[in-house]
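Working notes, beginning with the structure itself.
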Amino acid sequence: MENSLVKRIEELKKERNAIILSHNYQRGDVQDVADFVGDSLGLSQTARKTDADVIIFCGVHFMAETAAIICPDKKVVIPDVNAGCPMAAMVTARELREKKKEYPDAVVVCYVNSTADVKAEVDICCTSANAVKVVSSIPEDKQIMFIPDKSLGDYVSQQLGREMIMWEGFCPTHHRITGEYVEKFKKDHPDALIVVHPECTRDVVDLAHHVASTTGIIRYVAESSAKKFFIGTESGIIHRLKNENPDKEFFHVLKLADCPNMKLNSLEKVLWALEDLEPVVTVREDIAAKARSTIEKMLAIT
Ligand code: 13P
Ligand code: SF4
């Protein structure tokens, strides 16, 4: 069954001149049919340079929306339109406009995990891969408001020794990974390296040997001579880590760190997306134009 699905997906991909992009958290079988698997930054960069007419975006809605913003001439299709990101839903454009009134001089840095409407209200975007770089590009004398992820903001703030006004957003999936759990794991496995995503809480980040974006985690593991790793991020990443490092052992909190939204896209839905070329992700052009400049500013820095 699965083989015929994959075969049909491959055929339709050619017919439609489509490319399949997958985030590192997608189901393993979805990652396996993708032309590119990566983090938010890598996915945006790949979307920007592809000459395909159609992008089947296997990730959550804000990721597909970002591709639609930077590739206005392409059709961006998400296999399941209900795949949202709870963190992105923790700030609306209206709430942000109100907050900006309190801090009229602050430069607003926005994690890419946000809606297009919100991106249109900010000064610059960032991803987990370049947040430190983006914030350090802002002159020291400027006040910064960081939205919506308070954990990524806290990590950046610690790295740069720079205070920022934080939004109260967070990732429910990463916040289920607790410091107590990681501490116990470390005691039980002193030979393992702890590698975590900056969406984790400070107590988890403080216990880590390395903190990085999803692709940063994959790169770090590949380059390390260690054999055992605790992976503090969403469970989908384990698929690539195991495939690419058969000689290494991975420990994870599995079900606890599952992002149900990421898992809504399935192989069948990828096929239907290619058949019907919907649901299409679109952004109103006036919003897209404003959001585009904040994403382009980020891509220029990276
Ligand atoms: P990355 O950009 O590191 O892949 O992270 C995206 C995300 O949603 C993490 O939860
Ligand atoms: Fe959003 Fe967290 Fe899921 Fe990433 S893992 S898509 S931040 S809810």
- prompt: Cβ-Cβ below 9 Å, separation at least six or inter-chain, first residue in region 164-185 and within 24 Å of Ile138 (Cβ to Cβ), second surrounded by fewer than 15 Cβ atoms within 10 Å (Cβ to Cβ) and among the polar types (S, T, N, Q): which pairs?
  reply: Met164/Gln143; Ile165/Gln143
message: Given (1) farther than 24 Å from Pro172 by Cβ; (2) in contact (Cβ under 8 Å) with a residue 12 or more places away in the chain; (3) out of contact with any Leu (no Cβ under 8 Å at 6 or more places or on another chain); (4) surrounded by fewer than 16 Cβ atoms within 10 Å (Cβ to Cβ), identify the lone condition not met by Ala106.
response: (4)
statement: Conditions (1) modelled with pLDDT under 95; (2) under 25 Å from Ile55 (Cα atoms) -> Leu256 fails only (2)
field: Search result, residues across region 142-183 that are surrounded by fewer than 18 Cβ atoms within 10 Å (Cβ to Cβ) and within 13 Å of ligand 2 (Cβ to nearest atom)
entry: Pro172, His175, Arg176
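Can you go through Arg48, Arg8, Arg16 and tell me which one is touching a strand residue (DSSP E or B) at 6+ places or on another chain (Cβ under 7 Å) and either away from ligand 1 (no atom under 16 Å from the Cβ) or more than 18 Å from Leu264 (Cα to Cα) (or both)?
Arg16 is the lone residue from the list that is touching a strand residue (DSSP E or B) at 6+ places or on another chain (Cβ under 7 Å) and either away from ligand 1 (no atom under 16 Å from the Cβ) or more than 18 Å from Leu264 (Cα to Cα) (or both).
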message: I need the full set of residues from region 56-75 which are more than 14 Å from ligand 1 (Cβ to nearest atom) and either closer than 19 Å to Tyr111 by Cα or within 17 Å of the chain's Cα centre (by Cα) (or both), in order please.
response: Ile56, Ala68, Ile69, Ile70
- prompt: Does Ala83 meet the test of being within 14 Å of ligand 1 (Cβ to nearest atom) and in contact with a Phe, Trp or Tyr (Cβ under 8 Å, 6 or more places away or on another chain)?
  reply: no
message: Among the numbered criteria (1) among the polar types (S, T, N, Q); (2) in a loop (DSSP other than H, G, I, E, B); (3) away from ligand 2 (no atom under 16 Å from the Cβ), which one does Thr46 miss?
response: (2)
- prompt: Looking at Ile218, is it among the aliphatic types (A, V, I, L, M), within 16 Å of ligand 2 (Cβ to nearest atom) and assigned to a helix (DSSP H, G or I)?
  reply: yes
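Per-residue answers, yes or no, for (1) over 19 Å from Pro79 (Cβ atoms); (2) out of contact with any helix residue (DSSP H, G or I) (no Cβ under 9 Å at 6 or more places or on another chain); (3) more than 16 Å from ligand 1 (Cβ to nearest atom); (4) at pLDDT below 95:
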residue: Pro246; (1), (2), (3), (4): yes, yes, yes, no
residue: Asn261; (1), (2), (3), (4): no, no, no, no
residue: Leu264; (1), (2), (3), (4): no, yes, no, no
residue: Val270; (1), (2), (3), (4): no, no, yes, no
message: Going by what's in this entry, would Val204 be described as in contact with a strand residue (DSSP E or B) (Cβ under 8 Å, 6 or more places away or on another chain) and within 11 Å of ligand 1 (Cβ to nearest atom)?
response: no
- line: In region 1-43, anything touching a residue at least 60 places away in the same chain (Cβ under 8 Å), of a type in the set (Ser, Thr, Tyr) and touching a Cys at 6+ places or on another chain (Cβ under 9 Å) is listed as Tyr25
task: Could you tell me which numbered condition Ala300 fails, if it satisfies all but one of (1) surrounded by fewer than 17 Cβ atoms within 10 Å (Cβ to Cβ); (2) over 21 Å from Lys133 (Cβ atoms); (3) more than 18 Å from the chain's Cα centre (by Cα)?
output: (2)
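Within region 101-109, is even one residue under 26 Å from Cys58 (Cα atoms), within 20 Å of the chain's Cα centre (by Cα) and either among the charged types (D, E, K, R) or at pLDDT 95 or above (or both)?
For region 101-109, residues under 26 Å from Cys58 (Cα atoms), within 20 Å of the chain's Cα centre (by Cα) and either among the charged types (D, E, K, R) or at pLDDT 95 or above (or both): present.
The values are calculated or read from the model by the stated rules, or taken from the named source; none is laboratory data. Everything numeric here is computed off the predicted structure, so don't read it as measured data. For neighbour counting, all protein chains shown are included, and Cβ atoms are generated from backbone atoms with ideal geometry for every residue, glycine included.
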